[in-house]
Amino acid sequence: MKTPTKSLSLLLLLISIFYFSQDKTNPLANTEWKGMSNIPGPAEVNFKFATDSVDLLYRGTVIEKMKYSFTKDGSLKLIKTEGSSPCGTVDEGLYKYQIINDALTFAVVKEDCIERKTAFDGNSYKKVLPTVTQ
């Protein structure tokens, strides 16, 4: 027989597990964003973030893979791992990023690759909501 105390305890345990399992230090992890980038001309792209990497997609195809991390001051550090851009795999980009009302905006702090700077600096990307399959 279930008692209200046991049910409440189980509910609190499940809520705690869910709450503490969320990654609060990385607001970009497992998110996707869509918007315009200059690659080199204006084109709609998607940024698909995992926990430490991001894929840049154009028309559903990955055109660039990058590793990302955060600096102590909260800047986003991007380093290309593979792709078709002229950026090298040692070219590091540092960006301030901002998320307001489900929009992600990049502002360059320091960028070794001028093409990536031209593509991302100042652009805003809308959050893509996960699709629910039934």
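The values are calculated or read from the model by the stated rules, or taken from the named source; none is laboratory data. Owing to the predicted nature of the structure, the values given are computational and were not obtained by experimental measurement. Note that each Cβ is placed from the backbone with ideal geometry, even for glycine, and that neighbours are counted across all protein chains shown.
Is the range 105-123 home to any residue that is assigned to a strand (DSSP E or B), loosely packed, with under 14 Cβ neighbours inside 10 Å, of a type outside the set (Ser, Thr, Tyr) and out of contact with any Gly (no Cβ under 8 Å at 6 or more places or on another chain)?
No; the residues of the range 105-123 include none that is assigned to a strand (DSSP E or B), loosely packed, with under 14 Cβ neighbours inside 10 Å, of a type outside the set (Ser, Thr, Tyr) and out of contact with any Gly (no Cβ under 8 Å at 6 or more places or on another chain).
So is residue 85 at pLDDT below 95, of a type in the set (Ser, Thr, Tyr), surrounded by 15 or more Cβ atoms within 10 Å (Cβ to Cβ) and closer than 23 Å to residue 111 by Cα or not?
Answer is yes for this residue.
Can you name every residue in the range 57-69 that is in contact (Cβ under 8 Å) with a residue 12 or more places away in the chain and either charged (D, E, K, R) or surrounded by 15 or more Cβ atoms within 10 Å (Cβ to Cβ) (or both)?
Hits for the range 57-69 are 57, 58, 63, 64, 65, 66, 67, 68.
Return only the number of the condition from (1) part of a loop (DSSP other than H, G, I, E, B); (2) of a type outside the set (Ser, Thr, Tyr); (3) modelled with pLDDT of 95 or more; (4) in contact with a helix residue (DSSP H, G or I) (Cβ under 9 Å, 6 or more places away or on another chain) that residue 28 does not satisfy.
Answer for residue 28: the failing condition is (4).
Please specify each residue of the range 92-104 satisfying the condition of being among the small types (Gly, Ala, Ser) and surrounded by fewer than 16 Cβ atoms within 10 Å (Cβ to Cβ).
Here is the first cut: in the range 92-104, the residues among the small types (Gly, Ala, Ser) are 93, 103.
Within the range 92-104, just 103 meets the criteria.
Of the residues in the range 78-104, how many are farther than 19 Å from residue 65 by Cα and in a strand (DSSP E or B)?
Of the residues in the range 78-104, 5 are farther than 19 Å from residue 65 by Cα and in a strand (DSSP E or B).
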